[in-house]
Amino acid sequence: MLRKAIYHKPWGAYAYLLDSDRLSITLRPKKEDLRSCQLFYGDPSEPDKPLEKLQMKRVATDDLYDYFRVVVKVPASRRFRYTMLLDDGSEQLCYTEAGFSSKQPETKELGLPFFEFLYLRENDAFLVPGWAKSAIFYQIFPERFCNGNKTNDPPNVVEWGRLPVTHETFYGGDLRGILEKLPYLGNLGINAIYLTPIFSSPSTHKYDTKDYYQIDPHFGDLATFKQLVRKCHEMGIRIILDGVFDHCGFEFWAFQDVVQKGPKSEYEDWFRIYSFPIKTHPAPTYETWGKNVWDLPRFRTSNPEVREYLVDVAVYWIKETDIDGWRLDTASEIDHDFWREFRKAVKAANPEALIVGEVPHDASPWLEGDQLDSAMNYPFRDIVVDFFAKSCITAEDLGARLARLRMRYRQHVNEVLYNLLGSHDTPRFLTLCDSNVEKMICALIFQMAYIGMPVIYCGDEIGMSGGGSGEDWRGGMTWDETGQNQKLLDICKKLISIRKTHSALTNGDFTIVHVDPKSNTYAYLRHHDDERILVAINNSPQTQDVTVQNRKNGFPPELVLTDLLSEDKHKVSDGKIRLLLKPYSGVILSEH
């Protein structure tokens, strides 16, 4: 047994409350090292009572480690101590907080300290908004979505869709345009919208905020936005806004006060000023987002006045317009204390508000239950791009990297991670697929049936392309149906409908049932209550024969599975599910 590979800690993703009455415990040993793992546990206030035991189940495997997990009912006393008995077939070791022991845990005392919770506080359970697990998001870049009111257009607006697109190309997209296209979104089937910034700003992207309390006049006004939120809610669609609280725009009123008054400004300490007078070139004399991005001065969020101002902004828009939460720009570049204060205020205003942070890497420090609910899952996107679009990793690599990612977070978090294939900050996914629509459909099948909140970036569902510079993937939405890929649009609608009507895809467990690195085929099972959904993917240019042993995965020995995408029937016999998958294709099979 390789002891140095074994890892557990009584906090974070390795030991946490699923809810007020259930505790999840995970152990990580070397891959294929343990034959079994048992949890021995008891109430520390009853030391004479024999320990109870439960078998831990292997729930994931990456390239280096296995992950064993068990869910335990919390004792009435809410006190809990535990140890694990590890068996590799040749030796048994008891694993405790102090390390390893050859003593058996059947005795009432080990002579070594247990892992222990002196008291499990029910309010420490990390609860996310109930609606989020069923959310299917659609991201809208308002300036480039639809022009519904030409009277509020910027003076330099160009003809819709004219190319090339630059960061100074204004198409005139606005809130009225989104309102007009709500029937399209309703027909698509999405039930949540994320809007990139809509507040007053001189740019097309609006990440350089001028006034956090005013809708950009080229987008509309407060009344129009309230109407949009109300109409969305009537259709069962949630709506979250982009909160840009790391930095503001050069024209922001407080920064302009500093520009004009210098060190005499009462807002000098709202920013980090290197020297006066304020200069923008050749390098800014103040801290900015990014490197020398002069028009994005960075807030000093350690300043209580700044914190109060920004938190008030967040609460105002929830209370005034009834939005359903915030997507937080560059969340990982702002201090944790600010986000703790932000969460308390937002949840007080609306306990069901969703807080999604832009954290492009491991977001664990922000996802402990005291800051964010979710994060933009760029690591997921990186894996999906490598496997489906670029074909530079195998199905085995796909499974290992996804397993490591799932084990990084608590179950609550995995269920509401913002799983994107693309955004306004990335090349279009279809372009990364070299315009191979079948590859993109394969990735969409995988995304829509995976754990977490699937996200569609506006235009991806109709096959919009864009690579190279950032503006290439921010082109104006194509509304002319002759320029839309109707096959892709139809499959998106069907996938969204499938996800919304099958609880196993939103609430189900996740189990890998087939991986073949040579054929690049991959299959997984989603299971919830009595429903089992089997998803199989062929990410190769050849037809592949995939076999899944159905008995050990809970299917009866004889059954007929229906492909929810095509309604094709697959007869199962001899305890095996055999599938013939076409090149770059996938199936979603239901036993009902």
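Selection of the stretch 371-416 for residues being more than 24 Å from residue 11 (Cβ to Cβ), among the small types (Gly, Ala, Ser), touching a residue at least 60 places away in the same chain (Cβ under 8 Å) and open to solvent by less than 10 Å² (accessible area, probe 1.4 Å) yields 395, 399. If only residues of the stretch 248-284 that are free of Cβ contacts under 8 Å to residues at least 12 places away in the same chain and of a type in the set (D, E, K, R) are counted, the one that is most open to solvent (accessible area, probe 1.4 Å) is 264.
For (1) more than 19 Å from residue 138 (Cα to Cα); (2) touching a residue at least 24 places away in the same chain (Cβ under 8 Å); (3) touching a His at 6+ places or on another chain (Cβ under 6 Å), each residue gets a yes or a no:
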| position | (1), (2), (3) |
| --- | --- |
| 164 | yes, yes, no |
| 184 | no, no, no |
| 190 | no, yes, no |
| 223 | yes, no, no |
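Residues in the stretch 470-493 that are more than 30 Å from residue 407 (Cα to Cα) and within 25 Å of the chain's Cα centre (by Cα): 470, 471, 472, 473, 474, 475, 477, 488, 489, 490, 491, 493. Checked against the criterion of being open to solvent by 30 Å² or more (accessible area, probe 1.4 Å) and more than 30 Å from residue 348 (Cα to Cα), the candidates 161, 130 yield just one match: 161. The set of residues in the stretch 432-442 that are within 18 Å of residue 542 (Cβ to Cβ), part of a helix (DSSP H, G or I) and open to solvent by less than 10 Å² (accessible area, probe 1.4 Å) contains only 442. If you go through the stretch 571-592 and keep only what is among the small types (Gly, Ala, Ser) and loosely packed, with under 13 Cβ neighbours inside 10 Å, you end up with just 573.
One line per residue, one yes/no per condition, for (1) outside any loop (DSSP other than H, G, I, E, B); (2) in contact with a Phe, Trp or Tyr (Cβ under 7 Å, 6 or more places away or on another chain); (3) not acidic (Asp, Glu):
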{"position": "256", "(1), (2), (3)": "yes, no, yes"}
{"position": "259", "(1), (2), (3)": "yes, no, yes"}
{"position": "266", "(1), (2), (3)": "no, no, no"}
{"position": "279", "(1), (2), (3)": "no, no, yes"}
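Restricted to the stretch 60-80, and to residues there that are in a strand (DSSP E or B) and without any contact (Cβ under 8 Å) to a residue 60 or more places away in the chain, the residue that is surrounded by the fewest Cβ atoms within 10 Å (Cβ to Cβ) is 73. With respect to the stated conditions, residue 419 fails to be closer than 21 Å to residue 192 by Cα, open to solvent by 10 Å² or more (accessible area, probe 1.4 Å) and modelled with pLDDT of 95 or more. Scanning the stretch 465-500 for residues that are touching a strand residue (DSSP E or B) at 6+ places or on another chain (Cβ under 9 Å) and under 12 Å from residue 429 (Cα atoms) yields one hit, 473. Condition test on residue 352, is it open to solvent by 20 Å² or more (accessible area, probe 1.4 Å) and in contact with a helix residue (DSSP H, G or I) (Cβ under 8 Å, 6 or more places away or on another chain)? The answer is no for residue 352.
So which residues in the stretch 133-146 are open to solvent by 20 Å² or more (accessible area, probe 1.4 Å) and either hydrophobic (A, V, I, L, M, F, W, C) or touching a strand residue (DSSP E or B) at 6+ places or on another chain (Cβ under 8 Å) (or both), if there are any at all? Once the filter is applied, which keeps residues that are open to solvent by 20 Å² or more (accessible area, probe 1.4 Å) and either hydrophobic (A, V, I, L, M, F, W, C) or touching a strand residue (DSSP E or B) at 6+ places or on another chain (Cβ under 8 Å) (or both), the stretch 133-146 yields only 133.
In the set (1) under 36 Å from the mean Cα position of the chain (by Cα); (2) farther than 18 Å from residue 6 by Cα; (3) surrounded by 16 or more Cβ atoms within 10 Å (Cβ to Cβ), the condition left unmet by residue 51 is number (1).
The values are calculated or read from the model by the stated rules, or taken from the named source; none is laboratory data. This structure is a prediction, so every number in the text was calculated from the model and none was measured. Ideal geometry is used to build each Cβ from the backbone, glycine not excepted, and the neighbour counts take in all protein chains shown. In case anyone asks, the SASA skips ligands and DNA or RNA and just uses the protein heavy atoms, side chains included. Shrake-Rupley method; radii C 1.70, N 1.55, O 1.52, S 1.80 Å.
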